[in-house]
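Asker: Handing you this structure, nothing more for now.
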Amino acid sequence: MKRSIPTSLVLLSLGIFLQPGPGSSQVSALGLFEAHGDVGAVGKPGAVEYDAARKSYLVAGGGENMWLASDAFHFVWKQASGDVSLAADIRWMGAGGKPHRKACLLIRQSLDPDSAYADAVVHGEGLTSLQYREARGGPTREIQSNVAAPRRIRIEKEGGYVSMSIAREGEALHAAGGSFKIKLSEPFFVGLGVCAHDNNALEKAVFSNVEIMSGKREAAGKPVLESTLETIAVASKDRRVVYHTRDHIEAPNWSRDGKYFLFNRGGRIYTLPVAGGEPQSLDTGSATGCNNDHGLSPDGTQLAVSDQSEERKSLIYILPAGGGTPRRVTRLGPSYWHGWSPDGKTLAFCGERNGEFDIYTIPADGGEERRLTAAPGLDDGPDYSPDGQYIHFNSERTGTMQIWRMKSDGGDPQQITSDDYNNWFPHPSPDGKWIAFLSYEKDVKGHPANKDVMLRLMPVGGGEIQVLAKLFGGQGTINVPSWSPDSRNLAFVSYSLVNP
């Protein structure tokens, strides 16, 4: 369908309005960019001054906000296609102003105010985040960085993924952690933007040492895996980077008091404050081959781990939550812990016996295991409902991996998802309202690492399935229960393969 183009955007595309008010300019007057102008309704028109000697841009922008379903800001842009990155040092001019005024590096589908877009943005208060609107007129989401007011930022589009890199003073650019998948048609717009976050104001920011690169960067060696521990708010679907590392980390648990995370790395268990910081190794005694199946007891005093140090196959152990000597629970292996009954008396796990993977339970104090499933095919990922009446799990018994539930004694199994994805690791929320799970594309077998996946959410009583996040992940992303105690947030790990 042919769409009429507003006259202001036609003029903008011709490079008119270099300074506030009517006028004209040559493209070269904007250095790396082709044109500029206001996007959306702004109370005060913006402007740009280019200093060729310093390769810097002083951008003044008005507008109420860049958020929700529509934007209002001043944009300095060029058109681009394919893989692209845009980097700049960013400095606000003048104190005061709204804390959420925005200075942005943008990749934008169109010049319409409700366009799909992605940006790397430094707010007036220093909050730095990767923001995006996946579809025209849709909501805006963000991934908040754990670094405030960096000296330099870069936005990068590679394939369908967009990510951000940051650098403090004296640092080289490095990945901020977290990325998202977005579909943009070619050509799209790349450039600089400023929003005052106050329609009656005009705010100014300087973008210096601006660089635009097209195409993939040449790799100096084998891609390096990076891991990011993130949280996502169920209500807003906004994400926050807690910890980013070039180590391989997996499977975050949220502590029962909401103060810290547990995850595994290199066979050991680590703790990390929810506010961020440096991980601390937990003393797990002889259990030094822990995998990504671990979790805390309902009262938070004990930790179940799945470890393969003793017999080179995964066995389940329990130790004090603060660290200590592990006590072996399962006699047979491999056994992979996944759930703890609400009364703390029973563990649910996936076990392989005679070549078949099924769901089992076993007393937390030790004893005989009990097999709950016997259908052909893989059954995995058991987790109890908060009332203890059901165990949710994933099963491929109907052809593709789907989410099921059964009574806690194994009776009355019921399939609760049936779609074109392979769905893994269901985790009921503590308040009993939601089930979060991981979804792979239909043609993906098992639950491998380094795949395009989705975190999805469905009401316990049935209903529409929501997409919480699209990310690069899989194995290690959300194997174990990772809800916050108040059921408002989930913790997970995303991954990226970065050229050194």
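Asker: Report, ordered by the first and then the second residue, all pairs with beta carbons closer than 8 Å, sequence separation of six or more or different chains, a first member in the stretch 164-182 that is under 14 Å from Y243 (Cβ atoms), and a second member that is in a loop (DSSP other than H, G, I, E, B) and of a type in the set (A, V, I, L, M).
Answerer: A176/V147
Asker: Now for a separate question. With the structure loaded, tell me whether G40 is within 27 Å of A148 (Cα to Cα) and either in contact (Cβ under 8 Å) with a residue 24 or more places away in the chain or surrounded by fewer than 19 Cβ atoms within 10 Å (Cβ to Cβ) (or both) or whether it fails that test.
Answerer: Taking the combined requirement at face value, the residue does not satisfy it.
Asker: Which one is nearest to S439 (Cα to Cα), of the residues in the stretch 381-410 that are assigned to a loop (DSSP other than H, G, I, E, B) and among the acidic types (D, E)?
Answerer: Out of the qualifying residues, it is E396.
Asker: Looking at this structure, is S286 among the hydroxyl-bearing types (S, T, Y), more than 25 Å from S385 (Cα to Cα) and more than 29 Å from the chain's Cα centre (by Cα)?
Answerer: The answer is yes for S286.
Asker: Shifting gears a bit: Could you identify the single residue in P413, P428, P459, P448 that is in the same structural domain as R239 (by TED's automatic domain parsing), modelled with pLDDT of 95 or more and touching an Asp or Glu at 6+ places or on another chain (Cβ under 8 Å)?
Answerer: Going through P413, P428, P459, P448 in turn, just one is in the same structural domain as R239 (by TED's automatic domain parsing), modelled with pLDDT of 95 or more and touching an Asp or Glu at 6+ places or on another chain (Cβ under 8 Å): P428.
Asker: Residue by residue through the stretch 247-259, note down the ones that are in a strand (DSSP E or B) and either aromatic (F, W, Y) or over 16 Å from R488 (Cα atoms) (or both).
Answerer: Matches in the stretch 247-259: I249, E250, A251, W254.
Asker: When you scan the stretch 19-31, do you find a residue that is modelled with pLDDT of 95 or more and over 33 Å from the mean Cα position of the chain (by Cα), even just one?
Answerer: yes
Asker: Ok, one more. Of all residues in the stretch 261-283, count the ones that are within 26 Å of Q131 (Cα to Cα) and touching a Ser or Thr at 6+ places or on another chain (Cβ under 9 Å).
Answerer: Residues meeting the conditions: 2.
Asker: Kindly list the number of the only condition in (1) of a type outside the set (D, E); (2) in contact with a Pro (Cβ under 6 Å, 6 or more places away or on another chain); (3) surrounded by 24 or more Cβ atoms within 10 Å (Cβ to Cβ); (4) without any contact (Cβ under 8 Å) to a residue 40 or more places away in the chain that fails for G474.
Answerer: Of (1) of a type outside the set (D, E); (2) in contact with a Pro (Cβ under 6 Å, 6 or more places away or on another chain); (3) surrounded by 24 or more Cβ atoms within 10 Å (Cβ to Cβ); (4) without any contact (Cβ under 8 Å) to a residue 40 or more places away in the chain, only one is false for G474: (3).
Asker: In the stretch 61-78, which residues are more than 28 Å from the chain's Cα centre (by Cα) and either free of Cβ contacts under 8 Å to residues at least 12 places away in the same chain or surrounded by fewer than 24 Cβ atoms within 10 Å (Cβ to Cβ) (or both)?
Answerer: K78
Asker: Any residue at all in the stretch 149-158 that's touching a Lys or Arg at 6+ places or on another chain (Cβ under 7 Å), part of a loop (DSSP other than H, G, I, E, B) and at pLDDT 95 or above?
Answerer: yes
Asker: Being basic (K, R) and either over 30 Å from V493 (Cβ atoms) or crowded, with 18+ Cβ neighbours inside 10 Å (or both), is that true of even one residue in the stretch 203-222?
Answerer: yes
Asker: May I ask you to list the residues in the stretch 51-60 that are part of a strand (DSSP E or B) and either among the small types (G, A, S) or surrounded by 15 or more Cβ atoms within 10 Å (Cβ to Cβ) (or both)?
Answerer: Answer for the stretch 51-60, where residues must be part of a strand (DSSP E or B) and either among the small types (G, A, S) or surrounded by 15 or more Cβ atoms within 10 Å (Cβ to Cβ) (or both): S56, Y57, L58, V59, A60.
Asker: How many of the residues in the stretch 85-124 are assigned to a strand (DSSP E or B), of a type outside the set (A, V, I, L, M, F, W, C) and within 23 Å of the chain's Cα centre (by Cα)?
Answerer: 6
The values are calculated or read from the model by the stated rules, or taken from the named source; none is laboratory data. This one's a predicted model, so the numbers in the text were calculated from it and none came from an experiment. All Cβ positions, glycine included, derive from the backbone under ideal geometry; neighbour counts span all protein chains shown.
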